[in-house]
1. Residues of segment B:117-146 being within 11 Å of chain A (Cβ to nearest Cβ) and assigned to a loop (DSSP other than H, G, I, E, B), which ones?
2. Only one residue in A:S202, A:S187, A:S215 is closer than 25 Å to A:M248 by Cβ, of a type in the set (G, A, S) and within 14 Å of chain B (Cβ to nearest Cβ). Which one?
3. Could you tell me whether segment A:189-200 includes any residue that is of a type in the set (A, V, I, L, M, F, W, C), assigned to a helix (DSSP H, G or I) and either surrounded by fewer than 16 Cβ atoms within 10 Å (Cβ to Cβ) or touching a Lys or Arg at 6+ places or on another chain (Cβ under 8 Å) (or both)?
4. Select from segment A:152-174 the residues that are within 12 Å of chain B (Cβ to nearest Cβ), out of contact with any Lys or Arg (no Cβ under 9 Å at 6 or more places or on another chain) and either at pLDDT 90 or above or in a helix (DSSP H, G or I) (or both) and list them in ascending order.
5. Just to be sure, is B:V114 within 13 Å of another protein chain (Cβ to nearest Cβ), over 19 Å from B:I53 (Cβ atoms) and either in a helix (DSSP H, G or I) or at pLDDT 85 or above (or both)?
6. Run A:L195 past the list (1) more than 25 Å from A:I148 (Cβ to Cβ); (2) more than 14 Å from chain B (Cβ to nearest Cβ) and report the number of the one that doesn't hold.
7. Can you name every residue in segment B:93-106 that is farther than 12 Å from B:V128 by Cα and touching a residue at least 12 places away in the same chain (Cβ under 8 Å)?
8. When you scan segment B:221-255, how many residues do you find that are closer than 24 Å to B:H11 by Cα and either β-branched (V, I, T) or surrounded by 13 or more Cβ atoms within 10 Å (Cβ to Cβ) (or both)?
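The values are calculated or read from the model by the stated rules, or taken from the named source; none is laboratory data. As the structure is a prediction and not an experimental result, all values here were calculated from the model. Quick reminder, even Gly has a Cβ in these numbers, built from the backbone with ideal geometry, and neighbours come from all protein chains shown.
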Amino acid sequence: MDNTLFKQYQQMLKKEKRFVRLYQFIILLVFFGGWELLSRFGWIDRLIFSSPTYVWQTFIEKVSDGSLTLHVGVTLMETVIGFIAGTLLGTLIASVLWWSPLLSKVLDPYLVILNAMPKVALGPILIVALGPGYFSIIAMGALISIIITTIVVYTAFKGVDPNYSKVLQTFGATKWQIFREVILPASFPTIISTLKVNVGLSWVGVIVGEFLVSSKGLGYLIIYGFQVFNFNLVLMSLLIIAFFATIMYQVVELIEKAIIKK
Amino acid sequence: MGFLKLEHIHHSYFSNTQAKEVLRNINLEISEGEFVSFIGPSGCGKTTLLSIIAGLFPSTEGNVYIDGEEISAQNQSLIGYMLQQDYLFPWKTIEENVTIGLKIMERSNKTHKVTANALLREVGLPHVGSNFPRELSGGMRQRVALARTLAVNPKILLLDEPFSALDYQSKLKLEDLVVETLKAYQKTAILVTHDIGEAIAMSERVFLFSANPGSLHRVFEIPEVLRKLSPFDVRQHPAYSDVFQTIWKELESLG
């Protein structure tokens, strides 16, 4: 009896999953199909909104002349490095603040100001200071996520139940041992969730950086397409960004699953 | 000569609005292998006193000696400390949890596994070494916490209401286990509790503290007949309720 009910339950779950997948697919189809049709029948301006077929043609063209691989590669590299650097540096600063409560008190108002400040506004200064190249774009990608990572991770460090530290203190643990054995591992879930936020933020930083530097990358393609009024190029770049941003997010989720499982 | 000796312990907490005296002139001695309890109304500074004995922070005044050595933050003696809850690290296996003290003290790694297995057998959990804390019940987790405390072979065990978060049945079982284990290892132990019955059942002497500021009010000797019994049997013994009444009245008189 139980067995058949369980089988029914499993089948219901399967059915629901299929249902969800089906509708997700239908939305995708309606979006691209509708876009194509609206553009073909001239209900939206093809010059501005392009169409899936035109975007596809541009894609093939750019792939075959090899320029797309270069731009995608550059942007990906900048985003991944910026993302990792932002998260690591943010966590490092959070650790220093945890280490020295006095320092954290001193720096508190500055963190608030830096957090409130729109980091992309620093773009021109970064480019002047670091030169118009990869380095300043990566710096943008990192800068945009450092402060928020610092604040969130520091809050997580402080939120760890002090009794866990007390257990180690009774064994005579040093501050470093307490950090390594308790504070850091207890904060892993928070660090992982900041990773998810930082994926999105780094893309913003890098794309804006490429807008400003305007030499290579998907951000450059967008700004270039905009300037020469080639919106096929703009929309193609957008779709590629959406694709790779999703992949990065999925990778972070895989990492999360691997760590939480432990 | 006491194994643990407290001399003129005073302690005050400071906040930005006031200084609060929590302990006043505490003097006591406990001999080696003895099991004593601290009871008293809330706010009598029992936990503070335990932290001072553990060397977690220094008292404002006074000295603590364990086995003749003065205790300070720099010279923490080997203390085993059990808290209200198990506080096992959820990301470590049971075995890693038991040996965390040894790891902190950087004793050789090879003996860890042997020690962990032996201790887990001792507390009646021989096959859980590779499990994670969330897979164990509350009573089992507190038993693992006991094993973790014993792993570093402490000179003295400080038990800060370690049974308060458990259901009644697990509590009774664990009381027996703790007394039995500590007797076997000849350990000196101090139990902080607000349960008079628990104090009588487990210890040889009961120190009653009064509050505001915390000071030692009276010491009760538990009769010889009860000392020999396991905590569970003490609760069934006719002499138990007399002792309970005496301590209860004294505690009531403190208001």
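1. B:F132
2. Sole residue among the options that is closer than 25 Å to A:M248 by Cβ, of a type in the set (G, A, S) and within 14 Å of chain B (Cβ to nearest Cβ): A:S187.
3. yes
4. A:V160, A:D161, A:P162, A:N163, A:Y164, A:S165, A:K166, A:L168, A:Q169, A:T170
5. In short, no.
6. For A:L195, the failing item is (1).
7. Those that are farther than 12 Å from B:V128 by Cα and touching a residue at least 12 places away in the same chain (Cβ under 8 Å): B:T99, B:I100, B:G101, B:L102, B:M105.
8. Number satisfying all stated conditions: 2.
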